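**Student:** Take this structure first; my questions come after.
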Amino acid sequence: MKIAVMGAGGVGGYFGGLLARAGEDVTYIARGEHLRAIKERGLRVVSELSGEFVAGNAATDNPGDVGPVDLVLYTVKMYHNDDAIPLIAPLVGDGTVVLTVQNGVDNGERLVEAYGEAHVMVGMVGVQARIREPGVVEQLGQFGMAAFGEIQGGITDRGRRLYDVFKNGGWNVELSDNAMGAVWRKYVFLSGAAGVNAVTQLRYSEMRTIPETRELIRQSCA
């Protein structure tokens, strides 16, 4: 499958890197020193869940260099949507799926406005990942998962095809018949967990194993 990762930071680099390791044709859309390092040395993924590996060096800051793909894994920060959404136009062909796994709840709607519902799927990820240094993405902790599906709900053939690709790539993934419900659940959780994280300075993998912080998160989300 031909895949473009729009936003090859922690999330895009980790999940896209897994797909590249599995043999998918992955190009990273990145910029600056991170882009230069990927092109020179390949994207190195350092993961507590998935090990350490180099996940290809196909990278550019110009989606026009790539052309239409089967899947755009859309992982930019939501505050970059105004700039990033029009930039992916060269990647979107007749059968392209644009899958957003960003934080927030209206990213799918923004993409539908630009490209139509036929091109858009939505999802969420639960993972701690970051750019450790240019060209290196680090995944932390023993928790990493994704859920995705159609913005209007239900299970479709294209969802099943993507699910098979993601599972083959080593994702811990769910094909959901209520993907927007999953997106909203993460939004509510982050609203509660962010405050606990700010006070305790603990990783999520630590917060969820301590009874007191688990209860604080539960109460914050209630």
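Yes/no per residue for (1) touching a helix residue (DSSP H, G or I) at 6+ places or on another chain (Cβ under 7 Å); (2) of a type in the set (F, W, Y); (3) within 23 Å of E174 (Cβ to Cβ):
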site: N81; (1), (2), (3): yes, no, no
site: G93; (1), (2), (3): no, no, no
site: V98; (1), (2), (3): yes, no, yes
site: E113; (1), (2), (3): no, no, no
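**Student:** Still on this structure: Considering (1) over 17 Å from the mean Cα position of the chain (by Cα); (2) under 23 Å from D25 (Cα atoms); (3) not in a helix (DSSP H, G or I), say which one R160 fails and leave the rest.
**Tutor:** All conditions are met except number (3).
**Student:** On to the next question. For the stretch 126-182, enumerate the residues that are exposed (fewer than 15 other Cβ atoms within 10 Å of the Cβ) and either among the aromatic types (F, W, Y) or on the phi > 0 side of the Ramachandran plot (or both).
**Tutor:** G153, G154
**Student:** Mind telling me which of the residues V45, V72, V101 ends up being among the hydrophobic types (A, V, I, L, M, F, W, C), over 24 Å from R160 (Cα atoms) and crowded, with 20+ Cβ neighbours inside 10 Å?
**Tutor:** Numbers: V72 fails: over 24 Å from R160 (Cα atoms); V101 fails: over 24 Å from R160 (Cα atoms).
After applying the criteria, what remains is V45.
**Student:** Quick check: anything in the stretch 51-59 more than 16 Å from the chain's Cα centre (by Cα), in contact (Cβ under 8 Å) with a residue 40 or more places away in the chain and farther than 18 Å from F15 by Cα?
**Tutor:** Here is the first cut: in the stretch 51-59, the residues more than 16 Å from the chain's Cα centre (by Cα) are 51-54, 56-59.
The next check asks that each one be in contact (Cβ under 8 Å) with a residue 40 or more places away in the chain; those that pass are 59.
Narrowing further to those that are farther than 18 Å from F15 by Cα: none.
No: zero hits.
**Student:** Let me ask something else. Hey, P63 hits all of (1) more than 21 Å from A84 (Cβ to Cβ); (2) crowded, with 18+ Cβ neighbours inside 10 Å but one; which does it fall short on?
**Tutor:** (1)
Values in this text are rule-based calculations from the coordinates and carry no lab data. These numbers were taken from a predicted model, which means no experiment stands behind them. In this analysis, Cβ positions are derived from the backbone assuming ideal geometry, glycine residues included, and neighbour counts consider all displayed protein chains.
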